[in-house]
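The values are calculated or read from the model by the stated rules, or taken from the named source; none is laboratory data. Since the model is a prediction, treat every value here as computed from it, not as a measurement. Here the Cβ positions follow ideal geometry from the backbone for every residue, glycine too, while neighbour counts run over all protein chains shown. Accessible surface areas use protein heavy atoms only, side chains included; no ligands, DNA or RNA. Shrake-Rupley method; radii C 1.70, N 1.55, O 1.52, S 1.80 Å.
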Amino acid sequence: MFATHAAIDTEDKARRGFRLLRILTLIAARLVKAVIVLLLIVVANFLLIHAAPGDPAAVMAGEAGAADEIFIEQLRDRFGLNEPFPVQLWTYLKGVIQLDLGYSYRQQQPVLDLILARLPATLILTMTAFVISLTLGVVLGVVAAARQGTWTDSFVTSLSLLFYATPLYWVALMAVLLFSVQLGWLPGYGYETIGAGYTGLPHVADVAKHLVLPALTLGLFFTAIYMRMTRASMLEVSRMDFVKTARAKGLSPSRVQRRHILRNALLPVVTLAGLQAGQLVGGAVLTETVFAWPGIGRLMFEALAQRDYNLLLGILLISAAVVIIFNIITDVIYTLIDPRIGANA
Amino acid sequence: MSVLSVEHLTIGLPKGADRRHAVKDVSFTIEAGEILCVVGESGSGKSMAANAVMGLLPDLVAVENGRAMFDGKDLFALPERARQALRGDRIAMIFQEPMTALNPLMRIGDQIAEVYDAHGALTPRQRRAKAVALATEVGLPDPEAIVRAYPFQLSGGQRQRAMIAMALALEPDLLIADEPTTALDVTTQAQILSLINDLQRRHGMAVMFITHDFGVVAEIATRVIVMRYGEIVEAGDAATVLNAPRHDYTKRLLEAVPSDVVPAAAAPRETPMLAVDGLTKTFGGKRSLFAKRRVVKAVDDVSFTIAKGEILGLVGESGSGKSTVGRSIVRLVEPDGGSITIDGQEITTLDAAGLRKARRRAQMVFQDPYASLNPRTRVAAAITQGPVAMGTPRKEALADARRLLETVGLDASAADRYPHEFSGGQRQRIGIARALAMRPELIIADEAVSALDVSIQAQILDLLRDLRERFGLSILFITHDLRVAAQLCDRIAVMQQGKLVEMGPAEEVFLRPQDPYTQRLLAAVPGARWSGAATTAASA
Amino acid sequence: MTLAATAPARHPALDFWFRFARNRGAVFGLLVLLVVIAVAVFANVMFPDSPWKMVQRPFLEPFQVEGLPLGTDTLGRNVAAGLAYGARVSLVVGLISTLFSLAIGVPLGAAAGYYGGLVDDILMRITEFFQTIPSFALAIVLVAIFQPSLSSIVAAIAIVSWPPVARLVRAEVMSLKSREFVEAARLAGLSHLHILTRQILPNAMSPIIVMASLMVATAILLESSLSFLGLGDPNIMSWGYMIGAARTVIRNAWWLSFFPGVCILVTVLALNLIGEGLNDALNPRLARKGR
């Protein structure tokens, strides 16, 4: 690959001029892919309903074996369950494309409305946990790597091993027990103080206070992951040739760390952060259950208790959509950090 | 006065290494305005000595004894801060791997300017201007644009020039170059060597140049020290060491360097063993919805024949398509067009079963002695797997394997060992035994000696020559090294960018090249003039 | 000329153990795991009664009554017995679901990596699809729809855990298949299946083993989380179920949630430590740095 000056020049112009275009192309490509994935999930959902033991209509009603005959017959009519299989699939798909995720007969509300009402709470919780864990994880990882082999390193590494092995819901329970029940420092239940009627800034402060324990416990596990990844990545990069070049230039160790090792080491961490989005949703189910946080995780737990399959499948679909959007964002960030990505296209 | 004076340097290795000291009681000086070449094979300690001076020894390896006097001070006694201040300012260093020695996320200009930043010199605006000036001085094309480029946009030679620009930034008194041309193609190597020579003269620097290649030594050295197992075995003026070496080891190394005397070619043989006609292979980049397909013509209409018992050298730089030709013949790469016949049998149209039979007649010897043997299977299994798959009884195949190991100069007991117990040269012998086990008529040796130290290289070439005589093998010898090819081959074919540019008897191609590219390639071989002189002396 | 071989050979198994044992945490993890296994195996010897049986009054605090060191739960059942029987489920589910994930992930990844092209494209799209769906949410839905039972839990965990295996195996196979010894095997006329199973996969075993040990740990966490949400097999006592059942009474009976959590923590930690030790022993840096 002989880069003539003309090639570099045009590429450089292209870089500045078409960078936006490149990112838009990337987003477009990923969105197309996302739509395909979501449609596949819808098909999978449909198959799951039919694979479940019992009458599909009863499954949809969330009343396997308990609903009365007339009601079930009505449902059959409504979802065309007496039609041939492909027609049923088409009916179902058509509904989802029109953003009709079905009706929760248990809660007497459309599934989509139920989910959308709960989504903001989950986003607040997961995003806070994400920011906390990423910041803390990267900082601790950098510190541990910089002091490899010292007492600090072993301490941070052991701590992350411990967090990594701790069941999320159990930490949540223990946190409630300690900080809420015993010490009474923080609320261990809910999203806001019920009946307090706060508005404006006091309301924000109230929610923030309720957010501390759930966000910290949810973030703990991910802090461990990001810390281990950052540490490993920093050590890996610090063995690379260009780090030796940087030292040969007479740069101070801290400068080599900051300008040469850290930036390169963060690339895999960004990728990992994208991949962890799905895990974050899973963790939210557990944390929200323990803290009675009114998000879709808690909704999932409620749906589970009532065997409300329609609602469960709807949540699965929406959470997958959230994860995909998050992945697209991390891809864009990666493209912004690494000049090599997409340069050959 | 000496720029650098190293006295009784001893560097310890961590426990469990194959010897106690990387470098033992080594003393040398470097004067201003001279190039001192430190020569040695792998493991000789030459790089360790250089890194010790620079203060960049790996963890667990430390200077145990000795002094390095630079500017009236002992480098090894200085505190780390003071050494850091010297690095990049008074002493600079360039490295072997241009592909990995630059930060992939930083623009070239920023990486050059960073040297000034590190030492608090100049204003940011001046730094940028100096980066462009340095890029110009080291001969980078379009300096204004290239300082804004990222490393991945530059070729290997260009990256090495950028490295040199960084090293020159603060006009160091001493430049340490650790095998800076080893990873480069021969023509690029020649350019970089003349650049270093040039800059050294213009700036009056002292240069400590680490290399394993006596050709390079002949090209640039003022003085030479030869190292083996961490000790200096010989030191002196370049001319003296090259033309009248005193130590046996130096003599052996120099003898192993392929000379310019081309052995008389065997009488031309008639029956063609291999005929390649109009071979083409195109590699297409991955197609995707949003990007155009990029196409590279790796092999472009290549035709040649190899007679029975003949050795044909296929020579070219990286990316010339020479390996693709070799791999196409055994269809490890599927050719796009053209015909390949082995002893009259067309290879390109064979189905899987036919191919398995035909492959028996053409076997390969690979470049990397570490990757070419499965680390989990014993040597015996590696050699017998082919014959056994072809239906030879296991016992018979095993007996044959033991005989073959002796044929290639190993002990028959090697069959029961694992590959990691052998050295690089020994593994290459095992690889040859594996190829021979199939009773092939044609052997394709793809850079089979390039990864080996020069003394081992000579042994393997002898072995190949010997096998040709004993078994009447035809050999396609693929290499980037014209001189090695001239030593072994009856005829030589030269490839450039997928095309065959010249083909003829080794002597003709080597001594009277016709094609301008072959001429350039030959002129670029380091030490061309010296080896000519040496051989005249030897033959007189 | 005869050249002697260099390095002396120590038995590989012994060599492996020395490298593993150099990691003290790993040895500790191994000891802990052996204890957990012993408890699981001898649960019915130590506690002949069913863990579901009421033995004392409910909410008996730990260290109050002899023979019931960890007290009783909301229904007067022996907590210690519950923990011992819970170890069984955790280990069994962890092990079997990991084996199933390997059974899915290894062949898929190997085929994708070895054959490349269209096969790779299709298999990797499938893998990506499974990776996009939030795994825990999918596991919940699967177990809920197919009714909680040991087999549905194992299946759900296997279904959500195989994609990383497939990716790892694919990457290993891709890097190995272009090695020269594999090309030599092709030239020797060996079949694709033979090359894949005898030449390539044995060389990919080390990272697979390390990953598997960590997957057992993750599977145990997943199983306990499902049981905590009430998705455990209703006939089997498990640690997650014990915590879930005690969740509402945590203000009065801390020990009911505390001890099962410690059990999970210690077991998972032990497995992770073992995984690190295996990594040290199987993937020595030097061997990987070669090229």
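Details
- Complete set of residues in the stretch B:414-423 that are open to solvent by 10 Å² or more (accessible area, probe 1.4 Å) and more than 8 Å from chain C (Cβ to nearest Cβ): B:D416
- Residues satisfying the stated conditions in the stretch C:203-252, i.e. β-branched (V, I, T), open to solvent by less than 20 Å² (accessible area, probe 1.4 Å) and over 16 Å from the mean Cα position of the chain (by Cα): C:I243, C:I250
- When A:A215, A:A224 are checked against the criterion of being open to solvent by less than 10 Å² (accessible area, probe 1.4 Å), out of contact with any strand residue (DSSP E or B) (no Cβ under 7 Å at 6 or more places or on another chain) and more than 14 Å from chain C (Cβ to nearest Cβ), a single residue qualifies: A:A215.
- Complete set of residues in the stretch C:184-203 that are in contact with a helix residue (DSSP H, G or I) (Cβ under 8 Å, 6 or more places away or on another chain) and facing chain B (nearest Cβ under 7 Å): C:A184, C:A185, C:R186, C:L187, C:A188, C:G189, C:L190, C:Q199, C:N203
- Residues being part of a loop (DSSP other than H, G, I, E, B), within 22 Å of C:V268 (Cβ to Cβ) and open to solvent by 100 Å² or more (accessible area, probe 1.4 Å) - total across the stretch C:9-68: 1
- Within this structure, C:N252 fails the test of being within 14 Å of chain B (Cβ to nearest Cβ) and over 30 Å from B:A437 (Cβ atoms).
- Taking the stretch B:175-190 as the range and being crowded, with 24+ Cβ neighbours inside 10 Å and in a loop (DSSP other than H, G, I, E, B) as the test, the residues that pass are B:P180, B:T181.
- A Cβ distance below 9 Å, combined with a sequence gap of six or more or placement on separate chains, defines the contacts here; from the stretch B:381-404, residues that are under 13 Å from C:A184 (Cβ atoms) and away from every other protein chain (no Cβ under 14 Å) reach no residue that is surrounded by fewer than 18 Cβ atoms within 10 Å (Cβ to Cβ) and hydrophobic (A, V, I, L, M, F, W, C).
- Flag if B:E346 is surrounded by fewer than 21 Cβ atoms within 10 Å (Cβ to Cβ) and over 32 Å from the mean Cα position of the chain (by Cα): yes
- The residue list A:T150, A:T193 contains one member that is out of contact with any strand residue (DSSP E or B) (no Cβ under 6 Å at 6 or more places or on another chain), open to solvent by 60 Å² or more (accessible area, probe 1.4 Å) and farther than 22 Å from C:A217 by Cβ, which is A:T193.
- Inspection of the stretch B:358-374 finds no residue satisfying the criterion of being over 25 Å from B:S303 (Cβ atoms), open to solvent by 70 Å² or more (accessible area, probe 1.4 Å) and either over 29 Å from the mean Cα position of the chain (by Cα) or among the basic types (K, R) (or both).
- Restricting the stretch C:166-184 to residues that are buried (at least 24 other Cβ atoms within 10 Å of the Cβ) and hydrophobic (A, V, I, L, M, F, W, C) leaves a set whose member that is farthest from C:F130 (Cα to Cα) is C:A184.
- Scan of the stretch A:286-345 for residues that are touching a strand residue (DSSP E or B) at 6+ places or on another chain (Cβ under 6 Å) and open to solvent by 30 Å² or more (accessible area, probe 1.4 Å), ordered by number: A:A345
- Scanning the stretch C:115-133 for residues that are modelled with pLDDT of 90 or more and either within 24 Å of C:S90 (Cβ to Cβ) or among the polar types (S, T, N, Q) (or both) returns a single hit, C:T127.
- Residues in the stretch A:87-114 that are assigned to a helix (DSSP H, G or I) and small (G, A, S): A:G95 only.
- For the stretch C:238-252, filtered to residues that are touching a residue at least 40 places away in the same chain (Cβ under 8 Å) and outside any helix (DSSP H, G or I), the residue that is farthest from C:S225 (Cα to Cα) is C:N252.
- Output for the stretch B:435-469, where each listed residue is open to solvent by 20 Å² or more (accessible area, probe 1.4 Å) and within 16 Å of B:A415 (Cβ to Cβ): none
Okay, residues lined up against (1) in contact with an Asp or Glu (Cβ under 9 Å, 6 or more places away or on another chain); (2) within 14 Å of chain B (Cβ to nearest Cβ):
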position: C:P12; (1), (2): no, yes
position: C:A26; (1), (2): yes, no
position: C:V35; (1), (2): no, no
position: C:P62; (1), (2): no, no
position: C:L83; (1), (2): no, no
position: C:A112; (1), (2): yes, no
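- Some residue of the stretch B:46-55 being away from chain A (no Cβ under 14 Å), of a type outside the set (F, W, Y) and either over 13 Å from B:A177 (Cα atoms) or not in a helix (DSSP H, G or I) (or both): no
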